[in-house]
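Trainee: What follows is a structure written as structure tokens; I'll ask about it next.
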Amino acid sequence: MFAGKKALLLDMNSTFMFGEDRFGDGEDFSAHYFHIGGTLPQDEINRIVRAVYGYLGTRYPDEKYRHSFPSLESAIREVVGRTIGRDEINMIIDTFAFHELGYIPNEYGAALHDLRQHFTLAAVIDIWAPKTAWLTEFERAGISGIFDATSFSSDHGMVKPSPKPFELVLSQLGIANSEAIVVGDSPRRDLGGAKSAGIDCILVGGAEHPNALRSFKNLLELCNSI
């Protein structure tokens with residue numbers, strides 16, 4: 001399965017990061033917003049964040065936006081529908097990112113370091129907020145610098161299952177698609193994008209598909225198989 005493979009192109013959410021996307025009906029977004037100095041009323045900030053999440057959520061699976069996914073800031077401005085200041089925009093972005101961000105358990109950080117002993121690692125990541133908070137979490141988890149190439153969709157607006165983020169990472173690594181394996185939890189986004197780019201894919205998180213090289217319960221199980 002790994003013969004001739006030089007690099008693993010890892011998905012992030014539900015692959016090595018968990019507890020992300022806390023946008024459920026019971027979430028009070030105003031708690032973080034007020035903590036960082038926001039002044040909009042509680043009901044208004046909660047409405048804005050939910051509306052922004054819905055705005056982006058309806059566009060995420062739409063093929064029309066696959067290579068031009070809206071930025072979080074543009075979604076906020078569209079939803080608010082009036083002029084708001086730079087500081088206010090930044091606090092709404094920070095609040096959204098706080099709820100979009102997950103955490104990297106210690107054992108998954110260790111697994112990534114173990115995998116690095118065998119492969120070059122890269123990450124192909126779909127997020128809606130700017131990547132700053134994620135880079136901070138990478139540092140906290142001790143995996144800063146572990147990836148030799150990264151693609152964050154909020155940097156360029158290309159989202160999976162487009163093959164382009166995978167091709168971008170391969171170009172950064174300077175390797176052929178036949179020398180890489182994509183590892184992710186989504187048959188549609190990770191496997192679909194990988195196959196479009198001509199890259200083999202392993203599924204984790206319990207997902208299965210006949211086009212996958214193999215399926216593992218999680219990244220830890222994959223790591224133990226090497």
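The values are calculated or read from the model by the stated rules, or taken from the named source; none is laboratory data. Computed from a predicted model, the values in this text were never measured in an experiment. Reconstructed Cβ throughout: ideal geometry from the backbone, glycine too, with neighbour counts over all protein chains shown.
Trainee: Which residues, counting only those in the stretch 6-43, are modelled with pLDDT under 95 and either assigned to a helix (DSSP H, G or I) or closer than 21 Å to Asp190 by Cα (or both)?
Mentor: none
Trainee: Would you confirm whether any residue within the stretch 206-213 is in contact (Cβ under 8 Å) with a residue 24 or more places away in the chain, more than 16 Å from the chain's Cα centre (by Cα) and either buried (at least 23 other Cβ atoms within 10 Å of the Cβ) or not in a loop (DSSP other than H, G, I, E, B) (or both)?
Mentor: no
Trainee: Let me ask something additional. Mind checking which residues of the stretch 170-195 are touching an Asp or Glu at 6+ places or on another chain (Cβ under 9 Å), part of a helix (DSSP H, G or I) and under 22 Å from Ser153 (Cα atoms)?
Mentor: Going through the stretch 170-195, the residues touching an Asp or Glu at 6+ places or on another chain (Cβ under 9 Å) turn out to be 170, 172-173, 177-178, 180-187, 189-190, 194.
Filter again for part of a helix (DSSP H, G or I), leaving 170, 172-173, 177-178, 187, 189-190, 194.
Those that are touching an Asp or Glu at 6+ places or on another chain (Cβ under 9 Å), part of a helix (DSSP H, G or I) and under 22 Å from Ser153 (Cα atoms): Leu170, Gln172, Leu173, Asn177, Pro187, Arg189, Asp190, Ala194.
Trainee: Could you run through the stretch 154-169 and say how many residues are surrounded by 22 or more Cβ atoms within 10 Å (Cβ to Cβ), out of contact with any Leu (no Cβ under 8 Å at 6 or more places or on another chain) and either part of a helix (DSSP H, G or I) or aromatic (Phe, Trp, Tyr) (or both)?
Mentor: 1
Trainee: Next up: Is it the case that some residue within the stretch 73-83 is acidic (Asp, Glu), out of contact with any Gly (no Cβ under 7 Å at 6 or more places or on another chain), crowded, with 21+ Cβ neighbours inside 10 Å and closer than 19 Å to Asp155 by Cβ? So that I can check it myself, show each step before the final result.
Mentor: Within the stretch 73-83, the first condition is being acidic (Asp, Glu), and the residues that meet it are 73, 78.
Among the residues that remain, those that are also out of contact with any Gly (no Cβ under 7 Å at 6 or more places or on another chain) are: 73, 78.
Cutting the leftovers down to crowded, with 21+ Cβ neighbours inside 10 Å gives us none.
No, every residue in the stretch 73-83 fails to be acidic (Asp, Glu), out of contact with any Gly (no Cβ under 7 Å at 6 or more places or on another chain), crowded, with 21+ Cβ neighbours inside 10 Å and closer than 19 Å to Asp155 by Cβ.
Trainee: Here's something else I'd like to know. On the given criteria, is Thr95 within 29 Å of Arg59 (Cα to Cα) and of a type in the set (S, T, N, Q)?
Mentor: Numbers: within 29 Å of Arg59 (Cα to Cα): yes; of a type in the set (S, T, N, Q): yes.
When the stated conditions are applied, Thr95 passes them.
Trainee: What are the residues in the stretch 32-50 that are of a type in the set (A, V, I, L, M) and either crowded, with 18+ Cβ neighbours inside 10 Å or farther than 14 Å from His99 by Cβ (or both), if any? If you could, list the steps in order and put the result at the bottom.
Mentor: So in the stretch 32-50, the residues of a type in the set (A, V, I, L, M) come out as 36, 40, 45, 48-49.
Those that are of a type in the set (A, V, I, L, M) and either crowded, with 18+ Cβ neighbours inside 10 Å or farther than 14 Å from His99 by Cβ (or both): Leu40, Ile45, Ile48, Val49.
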